[in-house]
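S.K.: The structure that follows is given in the form of structure tokens.
What follows draws every value from the coordinates through simple rules; no lab data is involved. A quick note: this is a predicted structure, and the numbers were derived from the prediction, not measured. Note that we place each Cβ from the backbone using ideal geometry, even for glycine, and neighbour counts take in every protein chain shown.
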Amino acid sequence: MATITSNNACPDFGPSVKVLKSTGQLRELQTVLRDVETSRSDFVFCADRLIRLVVEEGLNQLPYSPLSVTTPTGYGYDGITFEKGNCGVSIMRSGEAMEQGLRDCCRSIRIGKILIQSEADTREAKVYYAKFPQDIEGRKVLLMYPILSGRGSGNTAIQAVQVLKEHGVKESNILLLSLFVTPHALQTVTEEHPEMTILTSEIHPHVPVHFGQKYFGTD
């Protein structure tokens, strides 16, 4: 049996690709999600924890504005607040696993959906459904897709970004949130959409491609 270890020697994909700092907590979650012996309940629990970490770091990439407030004791405090105009878009079905994590951090955020499937014979990604906020062209978009691996999922992400651009979204306003990505898929996506930011917990040649089936109990 092959042993999967953390790959810290991945090529530099440039400033548009951001990876969470590796910690013991993060490595444990990544390990549990890869373990064939992990029960579905434990899988979902750890997946939700990892999603929350990725989402929270994704929110750090969004613009803030200064905000001064008054505390209950009457003192002033100079803080910050999110700039308005953010939304989420999940690539169905696996991306829907990340929606609750985003809502837990931004309970009023609007979330759109897009369904893309690859043709069996050509492997060409085809859009079957897309529903976005009407004013999405002026928003920062958190595009949610948990696993980015191989040609199929790479093409799916590329097509999703293309659809967003066709709806007026600037490529530089798109932040792709993914739990795990392979170097090959990452290179494919960044070459096609170099101005988009990608945030992930790990870049590794072996990723848990069973994520969607395990999370939704369809494996």
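S.K.: Modelling each spin label as a point 7 Å along the Cα-to-Cβ direction, I'd like the Glu191/Asp12 distance in nm, to one decimal.
M.R.: According to this spin-label approximation, the distance is 2.0 nm.
S.K.: List, in the order given, every pair from Lys18/Lys126; Lys126/Lys165; Lys84/Lys126 whose Cα-Cα distance in the structure shown is over 23 Å. Can you show the working numbers first?
M.R.: Details: Lys18/Lys126 28 Å; Lys126/Lys165 16 Å; Lys84/Lys126 32 Å.
Long pairs (Cα-Cα over 23 Å): Lys18/Lys126; Lys84/Lys126.
S.K.: Measure nothing fancy, just the Cα-based angle from helix 150-166's long axis to the longest principal axis of the chain, in degrees from 0 to 90, nearest 10.
M.R.: So the inclination is approximately 40 degrees.
S.K.: Provide the packing ranking of 26-35, 57-66, i.e. peptides ordered by the mean count of other C-beta atoms within 10 Å per residue, highest first.
M.R.: Working: 26-35: 17.3, 57-66: 13.6.
Ranking, from highest mean packing down: 26-35, 57-66.
S.K.: Moving to a separate point now. How big is D, in µm² s⁻¹, for segment 21-150 by Stokes-Einstein at 25 °C and 0.890 mPa s if Rh is the Kirkwood radius over C-alpha pairs?
M.R.: Working: Rh = 17.3 Å.
Answer from the Stokes-Einstein relation: 142 µm²/s.
S.K.: Let me ask something else about it. Rounding to the nearest 10 and keeping the result within 0 to 90°, find how far the Cα-based axis of helix 183-192 lies from the longest principal axis of the chain.
M.R.: Around 60 degrees separate the two axes.
S.K.: Using only Cα positions of the chain, each an equal point scatterer, no hydration layer, compute I(q)/I(0) via Debye at q = 0.11, 0.13, 0.15, 0.17 Å⁻¹ and quote the log10 values to two decimals.
M.R.: Values returned for q = 0.11, 0.13, 0.15, 0.17 Å⁻¹ are -0.54, -0.75, -0.98, -1.24.
S.K.: Moving on to the next point. Against the longest principal axis of the chain, how steep is helix 40-60, in degrees 0 to 90 to the nearest 10, with axes from Cα atoms?
M.R.: In the chain, helix 40-60 runs at an angle near 50 degrees to the longest axis.
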